[in-house]
């Protein structure tokens, strides 16, 4: 009975909604319908009959809105000649000029501006025609709007400017036009905060209010790997050492994303290869990516191969980006390379002065038991998977490749004079780690060079 009753209610609701939709459709002015359908002939006929030119749908959308949106220049001209309000806005604040700018229609934008359209009217969110034209990459539209007095540095809801939109969307020509029009290349988006954490999430000390935003156009461009855009901004005088509200530099952002050419560009423009206001430097991100070319570029531009990771990075529970967990704090690029079993990067770092004898001493809370955890882990131990906690977001290579890489890394460390029988805070050796990780070739190699397992393991 309940099923039948529910079904009847749903049917009734559906009928009501259908009736309401039909009523709304019936209420739509004929002129608006004609413009919506792109029927210029009907628009001409209705205007000749004296139809109200500014009649609107329930949300405030007029025939001029639709004609502009559809890029029907003849219909727009007919409506304007009949006295249509060129600056009419619907409930969202959208004007015909806004729609034309979004479409990137130079002809339509010019026609509306000539009719007196105000280029600085904005949506409720603050988004202007210049912003939406910049986002669309419509250089001609942007230039027209600037010529007609568009405000270059108007801000949307979170402080984004047209220049930021263009930079984020990698529209170098638009960026150039905006810069030529006087856009502020040093403007920053608004800063806002969010409480974020790393495991263990239940502990208060792992939660803090993290600032977000504070990005310049250069930061937006770096995040997207917009090489040509970054060139334009640098030529215009952008600060290559700009950081966001958290302190992450453009170099670090680009490194983390793997944009090697962009990293090289900003470094050659004078960016600090060791910028680490947020607690981690570009080279830490490069090692985390296991990107040998990026590591090379950074080292060639003065990156410190012994820079220690000074701060864990905040993350949402499901996030995998930019995640240096607390057990990694204090590690050097060399130790990280060992933990990620990247022997070629390890060798490269040593060639540039990395300390291969570094011992990692993290002090953190164990996620499972919420107990303080102390570690004392050499690079050789790290190669076997010891120390550093669980590497979230890291996808290890296939088993066979992983073992070959671990063996090569172990051989390198033995060549460098690593202490084979050093013990960690639990008394375990690298051989214990190799056996636990089932790295048979590594274990055999270490044993052949005098390594031994600790008692009790």
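Would you list 298, 348 from fewest to most Cβ contacts within 10 Å?
Numbers: 298 30, 348 19.
Starting with the residue having the fewest Cβ neighbours, the order is 348, 298.
In what sequence, highest mean first, do 279-288, 233-242, 172-181, 157-166 appear when ranked by Cβ atoms within 10 angstrom? Numbers along the way, then the final one.
On the way: 279-288: 26.9, 233-242: 18.8, 172-181: 22.7, 157-166: 24.7.
The most tightly packed comes first, giving 279-288, 157-166, 172-181, 233-242.
Rounded, prolate or oblate: pick one for the stretch 186-304, where a ≥ b ≥ c are the square roots of the eigenvalues of its C-alpha gyration tensor, a/c under 1.5 means rounded, and failing that, prolate if a/b is larger than b/c, else oblate.
The shape class here is oblate.
Find the relative contact order for the stretch 186-304 and round it to a whole percent, using C-alpha pairs within less than 8 Å whose residues are 6+ positions apart.
Relative contact order comes out at 20 percent.
Sorted by average packing, counted as other Cβ atoms within 10 angstrom per residue and highest first, what order do 323-329, 188-194, 410-416 take?
323-329, 410-416, 188-194
Grab the DSSP H runs of the chain that are 4 residues or longer, score each as -39,500 (n - 2.57), total them, divide by all residues and round the 222 nm result to the nearest 500 deg cm²/dmol.
-13000 deg cm²/dmol
Taking Cα pairs under 8 Å and at least six residues apart, what relative contact order does the chain come out at, in percent?
7
Classify the stretch 330-448 as rounded, prolate or oblate from the Cα gyration tensor: take a ≥ b ≥ c as the square roots of its eigenvalues, call it rounded if a/c is under 1.5, otherwise prolate when a/b beats b/c and oblate if not.
Rounded is the answer for the stretch 330-448, as its axis ratio a/c remains below 1.5.
Can you compute the modelled spin-label distance between residue 390 and residue 441, with each label point 7 Å from Cα toward Cβ, in nm?
So the two model labels end up 2.8 nm from each other.
Within 10 Å, count the other beta carbons around each residue, average over each peptide in 91-104, 261-274, 396-409, and list them highest first.
91-104, 261-274, 396-409
Could you tell me whether the stretch 114-173 comes out rounded, prolate or oblate from its Cα gyration tensor? Rule is a ≥ b ≥ c as square roots of the eigenvalues, rounded for a/c under 1.5, then prolate if a/b exceeds b/c, otherwise oblate.
Details: a/c = 2.12, a/b = 1.14, b/c = 1.85.
In terms of gyration-tensor shape, oblate.
So, in Å, what gap is there between the alpha-carbon centers of the stretch 385-457 and the stretch 351-365?
16
Can you give the convex hull volume of the alpha carbon atoms of the chain per residue, in Å³?
Hull volume over Cα atoms, normalised by residue count, gives 195 Å³.
Determine the distance separating the Cα centre of the stretch 64-113 from the Cα centre of the stretch 235-295; give it in Å without decimals.
Using only Cα atoms, the two centres lie 43 Å from each other.
Only the coordinates and a few stated rules stand behind these numbers; no lab work does. Computed from a prediction, not measured in an experiment: that's the story for all the values here. All Cβ positions, glycine included, derive from the backbone under ideal geometry; neighbour counts span all protein chains shown.
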